[in-house]
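Before any comments, here is the structure.
The values are calculated or read from the model by the stated rules, or taken from the named source; none is laboratory data. Quantities reported herein were computed from a predicted structural model and do not represent experimental measurements. Cβ: placed from backbone, ideal geometry, glycine included. Neighbour counts: every protein chain shown.
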Amino acid sequence: MSGMGKRLVRALLEEKTWEPCIAAGVDRTKLLDDAQVAWDWVREFHRTHGGEWPTVAMLEENTGVFLPEELDPLEYVADLVRKRHLGNELNEVGKSVGKLLDDRDPDEALRMIAAEAVRLREHSTVSAVTSLRRTGPAVADEYALVKASGGLLGIPTRWRRLDREILGWVDGTLNVVTAMQNTGKTWFACLIAEDALERGKRVLFVTLEMALDRIRRRMISIRHRIPWRRLLFCELDDAEEEMLRAELDEEVAGEGDILLADKQMVRTVADVSALVADYLPDLVVVDGGYRFQPTKDDKNSSLWANTVEVVNDLQLAAEMTRVPWVVTTQQGDANESGKPKKKKAGGKSMFAWGVRYGKEWVINPDTVIGLYQDQDLRMGNLMEVHLLKQRDGAGTGDRGFFHITWDFKAMQFMETTPETAGTAEDVGEGEEGMVWED
């Protein structure tokens, strides 16, 4: 790559700007031999001389590296260097995959291909530093967009109170839904996917807990308002069965879709990112995110270290794929035993810091939503929804919670008390209270 690298340095001295190199992710590590020497010298000259650029003659005299006379556009040759480097890395991946195939381990070879493809895609380009003066007007454009859409920036839900706080599922955000065992995380995830489908969106739904057939039945029950037990235990009469069949056949040609994948196909966040690249969904929903395995399989790593890696991977994946990710995980006590917290006087048993398997599930995401039910709420067919964290919140600490119906006979899951929510005082203060960020 020395010859191509010297062409890059020649173009750099002609155009006198680093921006095309930064945008292409090109630095000294992408160059070899004389080109790397020339790059380093130009870099040091530019730094020590207050942003001035040397001439070609100055570089050749001081380094003994002679640049080509022909001149290429800097953006073009920077992209050539990027592609050449990426090709070399892909070649090394191919060698490793070939070894696995020789060892007759095609499953591991396929996982390596998926993981490495995501890694190389993430690092093949690097964004340049952004100018606030030049990009500032985009804030006004975004404001106008949100205002025109009734206060939404992302994909809406069926719950107005939630949309008012999070502006819908916004592209590039990581959103975590947490609840105790058997509270309804999977149903909530299905409702989120169904709402997006209703708006003609394409959803990638990954289940790391339940089998695909069970998820598929839940989706059908929600969409066609069929009481869950009647569908589960085949209690529809002949007319209802015929109507359901006709509706399902008619939907085949409809807009939007929910693409289902399970733990047999997906083990790591990189596996999901690879599916996003292939199928281009508008929304990713993952049920049971705590079951992800770390992309780097280190048997000596602790549960906490693995959780840190998984949540970091999720946050990066949401940003890189530029679609919203909604991931469910479990709620437990401060010792992560899975037991519910005891109620405090006048308070609720819903705390952001109670998320199990590691505090990263609270610290890293853009939004954390908590679902809560006790016996009284179950008897009343209600679910309590807490906004435990909103990264772009105003820091007022008064969002509290609201209720939605949770009725599997009528298949009703709508907001019931949008303006009579609790306050931060109901939840408590300090480390175990709600988490807000300015």
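Determine if region 270-278 includes at least one residue that is at pLDDT 70 or above, farther than 26 Å from I166 by Cα and over 14 Å from the mean Cα position of the chain (by Cα). Yes, that holds for at least one residue.
Per-residue answers, yes or no, for (1) assigned to a helix (DSSP H, G or I); (2) under 27 Å from D392 (Cβ atoms); (3) free of Cβ contacts under 8 Å to residues at least 24 places away in the same chain:
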position	(1), (2), (3)
D195	yes, yes, no
L204	no, yes, no
R218	yes, no, no
I222	yes, no, no
R229	yes, no, no
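Contact map, region 9-27: first residue of a type in the set (D, E, K, R), second residue outside any loop (DSSP other than H, G, I, E, B), Cβ cut-off under 6 Å, separation 6 or more or different chains; pairs are E15/L74.
When the residues of region 79-93 are filtered to those that are aliphatic (A, V, I, L, M) and without any contact (Cβ under 8 Å) to a residue 60 or more places away in the chain, the one that is farthest from K16 (Cα to Cα) is V93. Hey, does region 153-172 have a residue that's under 23 Å from the mean Cα position of the chain (by Cα), closer than 26 Å to A23 by Cβ and exposed (fewer than 15 other Cβ atoms within 10 Å of the Cβ)? Checked against the condition, which is being under 23 Å from the mean Cα position of the chain (by Cα), closer than 26 Å to A23 by Cβ and exposed (fewer than 15 other Cβ atoms within 10 Å of the Cβ), region 153-172 yields no hits at all. Candidates are the residues of region 1-28 that are part of a helix (DSSP H, G or I) and of a type in the set (D, E); the one that is nearest to A57 (Cα to Cα) is E14.
Condition check ((1) crowded, with 17+ Cβ neighbours inside 10 Å; (2) assigned by TED's automatic domain parsing to the domain that holds I22; (3) more than 16 Å from T17 (Cβ to Cβ)) across all residues:
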{"site": "Q36", "(1), (2), (3)": "yes, yes, yes"}
{"site": "V42", "(1), (2), (3)": "yes, yes, no"}
{"site": "F45", "(1), (2), (3)": "no, yes, no"}
{"site": "G51", "(1), (2), (3)": "no, yes, no"}
{"site": "E61", "(1), (2), (3)": "no, yes, yes"}
{"site": "V65", "(1), (2), (3)": "yes, yes, yes"}
{"site": "E69", "(1), (2), (3)": "no, yes, yes"}
{"site": "L74", "(1), (2), (3)": "yes, yes, no"}
{"site": "V77", "(1), (2), (3)": "yes, yes, no"}
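Of the residues making up region 213-268, those that are basic (K, R) and within 30 Å of K296 (Cα to Cα) are K263, R267. Contact map, region 259-288: first residue in contact (Cβ under 8 Å) with a residue 60 or more places away in the chain, second residue part of a helix (DSSP H, G or I) and hydroxyl-bearing (S, T, Y), Cβ cut-off under 7 Å, separation 6 or more or different chains; pairs are S273/T321; V276/T321; D287/T186.
Right, A109: buried (at least 16 other Cβ atoms within 10 Å of the Cβ), more than 13 Å from R10 (Cβ to Cβ), touching a helix residue (DSSP H, G or I) at 6+ places or on another chain (Cβ under 6 Å) and free of Cβ contacts under 8 Å to residues at least 40 places away in the same chain or not? Step through it out loud before you land on a result.
Details: buried (at least 16 other Cβ atoms within 10 Å of the Cβ): yes; more than 13 Å from R10 (Cβ to Cβ): yes; touching a helix residue (DSSP H, G or I) at 6+ places or on another chain (Cβ under 6 Å): yes; free of Cβ contacts under 8 Å to residues at least 40 places away in the same chain: yes.
Yes.
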